[in-house]
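The values are calculated or read from the model by the stated rules, or taken from the named source; none is laboratory data. As the structure is a computational prediction, the values presented were derived from the model and not from experiment. So basically every Cβ, Gly included, is an ideal-geometry build from the backbone, and we count neighbours across all protein chains shown.
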Amino acid sequence: MENQVRKIINLDNDWTFKKGMDLAGFSDRIDDADWCSIHLPHDWSIFGPFKEDNPSGPRGGYAPAGIAWYRKHLHVPQDYANKKIYIEFDGVYMNSEVHMNGERVGKYPYGYTTLYYDITSYLKYGEDNLLSVKVDTSTQPSSRWYSGSGIYRHVRLIVTDKLHIGQWGTYVTTPEVHEKEAWVKIDTTLVNEANEHKNVTIQVSLLNEAQLVVGKVSKEVVIEPNSEDVFSQEIYVQQPELWSIDNPYLYHVKTEIISEGCVVDDDLVAMGIRSIVFDADKGFFLNGTYTKIKGVCLHHDGGALGAACPDRAKERQLQILKEMGCNAIRTSHNPPSPVLLDLCDQYGMLVMDEVFDEYQIGKRPRVFDEVHALDKQIRRPIFAYAEVFDAYHEKDLTTMIKRDRNHPSIILWSIGNEITEHMRPEGVELTKGLHDLVKAYDTTRPTITGIVHLEGANTYGIPDMVDIAGYNYKETLYEKEHAKYPERIILGSETSSAAPFEMRAVYDDFLQADTQLKTFDDVTKELGDIVSIHSDHRYIRGEHSWKITNDLDYISGLFIWTGFDYIGEPSPYAWPSKTSYFGVIDTCGFPKDAYYMYQSQWTTKPMLHVFPHWNWEDKAGQHIPVWCYTNCDSVELFLNDRSLGEKHCSDTELLHVSWAIPYVKGTLRAVGKKENKIVLEKIVKTAGDPYAIVLEADRKAIQADSQDLAYITVKVVDKEGTLVPTAKNLIHFRVEGEGRLIGVDNGDPTSLEAYKGAERSTLGGLCLAIVQSTYNKGKLVVTAESEGLVGCQLVLTSI
Ligand code: GAL
């Protein structure tokens, strides 16, 4: 569906870019003939080089930063001269300055917010215009995670009449939602920038998914010259299709502004009809149905693509999470791209939309860095949001709420994560102020804040100054806290994931795992309030965390730290580790073993995951722990067709069943049973030597729009086609035809290979190549070769 009158012009393509110069890049006297030609979204940090002495340090993933300019030539037609023209950036990281024809339109520090400028008076109509954007990330580290640098989200021009709907000027709520009927309320902000008053009809239609009008209202209003006003109308809907996790049904609200018989502006907004209730005793309800929030925290990078994620990168992340049974994300710890929210609406993914990681007091230096990191790591101050909080927080929070408040997926507004002021008297006023500011723009969702220093926060009453108390890593205190504060709604805003501090397919610590443990009591004494560095305990810590959350109805759910590994914060390690280890999915999007623990708990379709791999030639005769995650009732394990016994999930409080097996090479076969019937069988075989490369694409056909992506999984297999889980082969890529290689990865946090290179080693026998389409339809040929292996070629289509 598209606007018919208002023009929304995508500006992603055909920019020039130059890095490392603090020149007058806004001036048309600077010749940009030798600048790079690029398309947005763009992140120059991800091109590297990543170096130990880059000032971004471990927090920023040792990525390079600095100053760069972007420029774009825009022809603006003469007939726009009597229009209003705005430019909207979904995010520019950071300290951006926007110039039009040499004049500065605006500058802005925060890199995770939407920027919106009225450029009407800066333009030359009927002529060429020079748009230039300076980006400055030179003060580092500027976030506690990898931020990227540049215009890393979409950009657009918006052309309207002088009589128009304001920015984010359609606000849709659902004051009444029942199974059989609902009311949809539409507040329209009307802006009249003409010099005379206008008699206007505001006509609002509600369209269903088939684009049929299911409700329509209109109102005659008068608006004074150079003024703005808000007008409300309501639409009654019979038999509404409710938006939910399993059926994310979307309606559209179409608003038309009619003046002197003509539609002069229109706006189109996707919305969903759904109800949410959080209850201190009973937990969370979506459309009246008890729903446990099974969430993950998500930073914004897309692995090898850095911060510059085309829409498909975000979509793929949501698909992988949905497969796991995940139903929610927390946009840790900053406003996300609008695209991600659109996708969450479409995929039925609940969202905690989070605005800040700091208030006035910066998180510096963090003890965390010193406790676990290598000796040579220095304490680095972090120049993040505290630097600009006083001057900008009202605007940034207002922008997030007004921009995002129509998304049915959003169920929580988070006003901050682990804020230092939570344990200080100043925290009281700050928390109240931000909570009230949210309420000024939206009262339909609760506020929350992620609290880690609970004792301090309780002293100042912080948890009860927001609608919902977000507890970070406090699962073992839930029962006590609930008894003490029975009115308090508690949610696990951040909880430990079951991923160990070992990369995917590496099992050095896991091999020490104790397979005798049967109850959480056996292991609880090992689980302190700090992140355990013992790997097998981290697997169990994640199980424990989910078990507690699941057992207590009044706990609305959790958000594990994290869904995907992200660049930066390689804690507890440092260089050459530059990405985190917390994810249950690596930076490639490949699930780690821990992913399947959640899948076994969060999905009902029979599943069974057996690990580790079975290539322990150097450990012949030694006991190797074998674990299974399953939603079956029991698993019987066979080694070379000899049964090692059947284990029933109900015999252990833990969320896995396990064996310790003296290693002999061969085939492990796990048989999953439900109600004593075999429903699944999984095989893990000892692989032979690496023999060939196999390529598998996530989709065989992609859009010829110069944005779409194909994710190609590269496998090294033996002669029989079995994945070689220990293979570390260097794969060389070539892409011919209508596509280009834009990223390679293997999920190894310590790898020094370039994300933007044309080769990558495998980790656990796997690596990834990301290929992007061009504007041309046709074939796209991906070739992968490696010394000593049979190569592979894959042909995709761009349509
Ligand atoms: C939390 C914090 C996260 C991340 C995590 C690492 O306390 O909120 O942003 O730093 O620790 O364990």
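Quick look at the numbers
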{"read-out": "Test: residue in the stretch 491-512 that is surrounded by 15 or more Cβ atoms within 10 Å (Cβ to Cβ), away from the ligand (no atom under 14 Å from the Cβ), within 23 Å of residue 417 (Cβ to Cβ) and modelled with pLDDT of 95 or more", "value": "yes"}
{"read-out": "Selection from the stretch 588-603 of residues that are farther than 24 Å from residue 714 by Cβ and not in a helix (DSSP H, G or I)", "value": "603"}
{"read-out": "Residue that is surrounded by the most Cβ atoms within 10 Å (Cβ to Cβ), among those in the stretch 551-606 that are more than 22 Å from residue 751 (Cα to Cα) and within 15 Å of the ligand (Cβ to nearest atom)", "value": "559"}
{"read-out": "Test: residue in the stretch 614-623 that is within 30 Å of residue 793 (Cα to Cα) and not assigned by TED's automatic domain parsing to the domain that holds residue 550", "value": "yes"}
{"read-out": "Only one of 156, 144 that is among the charged types (D, E, K, R), out of contact with any Ser or Thr (no Cβ under 7 Å at 6 or more places or on another chain) and more than 16 Å from the ligand (Cβ to nearest atom)", "value": "156"}
{"read-out": "Residue identified as surrounded by 19 or more Cβ atoms within 10 Å (Cβ to Cβ) and modelled with pLDDT of 95 or more among 199, 192", "value": "192"}
{"read-out": "Search result, residues across the stretch 469-490 that are within 15 Å of the ligand (Cβ to nearest atom) and assigned to a loop (DSSP other than H, G, I, E, B)", "value": "473, 474"}
{"read-out": "Whichever residue in the stretch 127-141 is within 29 Å of the chain's Cα centre (by Cα) and of a type in the set (A, V, I, L, M) and, among such residues, is farthest from the ligand (Cβ to nearest atom)", "value": "133"}
{"read-out": "Where residue 65 falls short, out of the listed (1) more than 24 Å from residue 392 (Cβ to Cβ); (2) out of contact with any strand residue (DSSP E or B) (no Cβ under 6 Å at 6 or more places or on another chain)", "value": "(1)"}
{"read-out": "Count - residues of the stretch 308-330 that are free of Cβ contacts under 8 Å to residues at least 60 places away in the same chain and either closer than 23 Å to residue 492 by Cα or surrounded by fewer than 20 Cβ atoms within 10 Å (Cβ to Cβ) (or both)", "value": "4"}
{"read-out": "Candidates 134, 180, 107 - the one that is among the basic types (Lys, Arg), surrounded by 20 or more Cβ atoms within 10 Å (Cβ to Cβ), modelled with pLDDT of 95 or more and on the phi < 0 side of the Ramachandran plot", "value": "134"}
{"read-out": "Residue in the stretch 29-43 that is part of a strand (DSSP E or B) and among the charged types (D, E, K, R) present", "value": "no"}
{"read-out": "Close pairs (7 angstrom Cβ cut-off, 6 or more residues apart or separate chains): outside any helix (DSSP H, G or I) in the stretch 549-564, within 16 Å of the ligand (Cβ to nearest atom) and basic (Lys, Arg) anywhere", "value": "559/330"}
{"read-out": "Pairs with Cβ under 6 Å, 6+ apart, first in the stretch 435-459 and within 15 Å of residue 488 (Cα to Cα), second of a type in the set (D, E, K, R) and within 16 Å of the ligand (Cβ to nearest atom)", "value": "450/418; 450/494; 454/474"}
{"read-out": "Index of the failed condition, residue 772 passing every other in (1) surrounded by fewer than 23 Cβ atoms within 10 Å (Cβ to Cβ); (2) touching a strand residue (DSSP E or B) at 6+ places or on another chain (Cβ under 7 Å); (3) not aliphatic (A, V, I, L, M)", "value": "(1)"}
{"read-out": "Qualifying residue in the stretch 779-798 (condition: closer than 29 Å to residue 307 by Cβ, surrounded by fewer than 23 Cβ atoms within 10 Å (Cβ to Cβ) and among the charged types (D, E, K, R))", "value": "no"}
{"read-out": "Residue match in the stretch 93-109 (condition: in contact (Cβ under 8 Å) with a residue 24 or more places away in the chain and either in the same structural domain as residue 341 (by TED's automatic domain parsing) or within 16 Å of the ligand (Cβ to nearest atom) (or both))", "value": "no"}
{"read-out": "Residues of the stretch 783-799 satisfying the condition of being outside any loop (DSSP other than H, G, I, E, B) and over 20 Å from residue 753 (Cα atoms)", "value": "790, 792, 793, 794, 795, 796, 797, 798"}
{"read-out": "Selection within the stretch 79-126 - of a type in the set (Gly, Ala, Ser), assigned to a loop (DSSP other than H, G, I, E, B) and more than 35 Å from the chain's Cα centre (by Cα)", "value": "81, 102, 126"}
{"read-out": "Subset of the stretch 657-677 [surrounded by 14 or more Cβ atoms within 10 Å (Cβ to Cβ), out of contact with any helix residue (DSSP H, G or I) (no Cβ under 7 Å at 6 or more places or on another chain) and either within 23 Å of residue 599 (Cβ to Cβ) or acidic (Asp, Glu) (or both)]", "value": "658, 659, 668, 669, 670, 671, 672, 673, 674"}
{"read-out": "Number of the condition not met by residue 47 [criteria: (1) touching a Gly at 6+ places or on another chain (Cβ under 6 Å); (2) on the phi < 0 side of the Ramachandran plot]", "value": "(1)"}
{"read-out": "Among (1) out of contact with any His (no Cβ under 7 Å at 6 or more places or on another chain); (2) assigned to a loop (DSSP other than H, G, I, E, B), the one test that residue 466 misses", "value": "(1)"}
